[in-house]
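A.B. asks: Pasting a structure here, questions to come.
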Amino acid sequence: MNRTKIIVIGALMAGIATIFQSIPFFLSEAFALLTILSAIPIYTAARTNPMSGALSYVVTVILVLFVSSHEALMFLFTNGVVGVSLGITSYLKLNKFLAVGVSSVIQTIFLCILNYGIGISIFGVKIPGAIIIQLILILGFTLVYNFGYQAFADFIYKRIKTSGITDIGANEKNKEN
């Protein structure tokens, strides 16, 4: 895939991710659950080309920062990380369980930075128990979340790929030949 396509796909996916991540700001906090969809464009870009995924991630953070610093921070440490890590591990053709494991560890690290470093409670309440119990609970949550999200994102990616709307996934055909 040439550099122009990488940049265009990255920019397009960043724009779509920005729209999804900004939903609570423009509509209301009642629609905050829809922000989980912001990881799909990042996943798609990263699965197509890791450089495009990284570009989309960074550009989305910057664009959302213009709208809401809170939403940008949440994207930086939650949805964006899920999209990039799952997309790149899928691009690398890792076993699904290994891909989810790697993504979950990465997301756990980012959630711990958000929770313990920045002081934003990730579940809305203080997690009970000793620090090791808290880490196990966060890792358990991320494993379940990433496993479900991997299945959902993979389904969406395959639908986009087979729809013929774009040539996303064309590099996968070239790799196989």
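The values are calculated or read from the model by the stated rules, or taken from the named source; none is laboratory data. Not measured: the values here are computed from a predicted model. Counting neighbours? That spans all protein chains shown, and the Cβs are built from the backbone with ideal geometry, glycine included.
Okay, residues lined up against (1) farther than 19 Å from residue 158 by Cα; (2) modelled with pLDDT of 85 or more; (3) among the polar types (S, T, N, Q):
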{"position": "12", "(1), (2), (3)": "no, yes, no"}
{"position": "22", "(1), (2), (3)": "yes, no, yes"}
{"position": "28", "(1), (2), (3)": "yes, no, yes"}
{"position": "40", "(1), (2), (3)": "no, yes, no"}
{"position": "48", "(1), (2), (3)": "no, yes, yes"}
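A.B. asks: Still on this structure: Determine, yes or no, whether residue 174 is at pLDDT below 90 and assigned to a helix (DSSP H, G or I).
C.D. replies: So residue 174 fits the description; yes.
A.B. asks: Search the range 69-96 for residues that are hydrophobic (A, V, I, L, M, F, W, C) and pair each with any residue that is not in a helix (DSSP H, G or I) when their beta-carbon atoms are under 8 Å apart and the residues are at least 6 apart or on different chains.
C.D. replies: Pairs that qualify, where the first residue is hydrophobic (A, V, I, L, M, F, W, C) and the partner is not in a helix (DSSP H, G or I), are 73/120.
A.B. asks: Additional query: Enumerate the helices (runs of 4 or more DSSP H) found wholly within the range 1-90, keeping only those where 3 or more residues are of a type in the set (A, V, I, L, M).
C.D. replies: Passing ranges, in order: 3-21, 39-48, 50-67, 69-77.
A.B. asks: Here's a follow-up. Could you tell me how many of the residues in the range 22-55 are over 11 Å from the mean Cα position of the chain (by Cα) and over 18 Å from residue 8 (Cβ atoms)?
C.D. replies: Adding up the residues that qualify gives 13.
A.B. asks: Could you tell me which residue of the range 25-66 is surrounded by the fewest Cβ atoms within 10 Å (Cβ to Cβ), considering only residues that are touching a residue at least 60 places away in the same chain (Cβ under 8 Å) and within 13 Å of residue 7 (Cα to Cα)?
C.D. replies: So the residue we want is 49.
A.B. asks: Out of all the residues in the range 67-78, is one or more surrounded by fewer than 19 Cβ atoms within 10 Å (Cβ to Cβ) and within 16 Å of the chain's Cα centre (by Cα)?
C.D. replies: yes
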